[in-house]
Amino acid sequence: MRAPIAIALDVPTLLQATTYTQQLAGHVAMIKVGLQSYLRDGNPGTLQIKENLQGAELFLDLKLHDIPQTVAGAVKSIKQLNPDVLTVHAVGGSEMLKAAVETAGDIDIAAVTILTSLTQSDVSVFSDHQIADLVQRLAESAVNAGCRAIVCSPHEVKQVRAVVGDQIRLIVPGVRMPADAADDQRRIATPAQTVAAGADILVMGRSILGSSTPIEQIAKVVQSIEAR
């Protein structure tokens, strides 16, 4: 059984990205290509990743955010890669989200709510709401627009799950093993805590790729979830 993990390929070179994909894709649910990799390697590099997925899903994490027409055009440009999941920012509004969904076809549009690097003081610059309430509102809006997945921090998973139901996938970054450093993430939790709250997919990069034995580290994550 595959671990409910999206491996974040935020690594310095395409060679490293393809090597990790070849090594780990058979063990996890998703391989995540983010801005660092996509802007460096483009469609050709992403296609190399895709050739080595071994049945894992391709999660293209570009966090699109612009006017509806521009986002629809961007999604159309991405369709040749045929990722399984593509991210857009939920704060782009319902019309932008609808434009992405309508253009995406079979691609699942995942709405990113509030980044895990942000705290309440950061959010207060543009909203009077508490983060959890804002995330819930954004998630509801995204689902109403047709998004089939939501990205939120571990701290909001339970609240989001309660309002979006079981058919919407919750993809959750900010997941750390107990001994891991938080790095630039602020709203974090362990794999066991995050799955217990209702997450479907745990986005993990440094926790696994920083290990000298990443396959064993994946197994430890799974064991920690099963032991909860």
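A short reminder: the numbers here are calculations on the coordinates, not readings from a lab. Not measured: the values here are computed from a predicted model. Cβ sites come from the backbone with ideal geometry, for glycine too, and all protein chains shown count toward neighbours.
May I ask you to work out the translational diffusion coefficient for region 137-205 at 4 °C, viscosity 1.567 mPa s, via Stokes-Einstein with Rh from the Kirkwood sum over Cα pairs, reported in whole µm²/s?
The diffusion coefficient I find is 107 µm²/s.
Packing, as the average of other Cβ atoms within 10 Å across residues, places the peptides 197-203, 42-48 in the order 197-203, 42-48, highest first. For the chain, place one equal point scatterer on every Cα, skip the solvent, and apply the Debye formula. What is log10 of I(q)/I(0) at q = 0.08, 0.14, 0.15 Å⁻¹? For the chain at q = 0.08, 0.14, 0.15 Å⁻¹, log10 I(q)/I(0) is -0.26, -0.85, -0.99. For region 95-106, 3J(HN,Hα) computed residue by residue from phi via the Karplus equation (6.51, -1.76, 1.60; θ = phi - 60°) reads 5, 5, 5, 4, 4, 5, 4, 5, 7, 5, x, 7 Hz, glycine and proline entered as x. The protection proxy used here, the mean number of other Cβ atoms lying within 10 Å of each residue, ranks peptides 26-35, 165-174, 122-131, 206-215 as follows, highest first: 26-35, 165-174, 206-215, 122-131.
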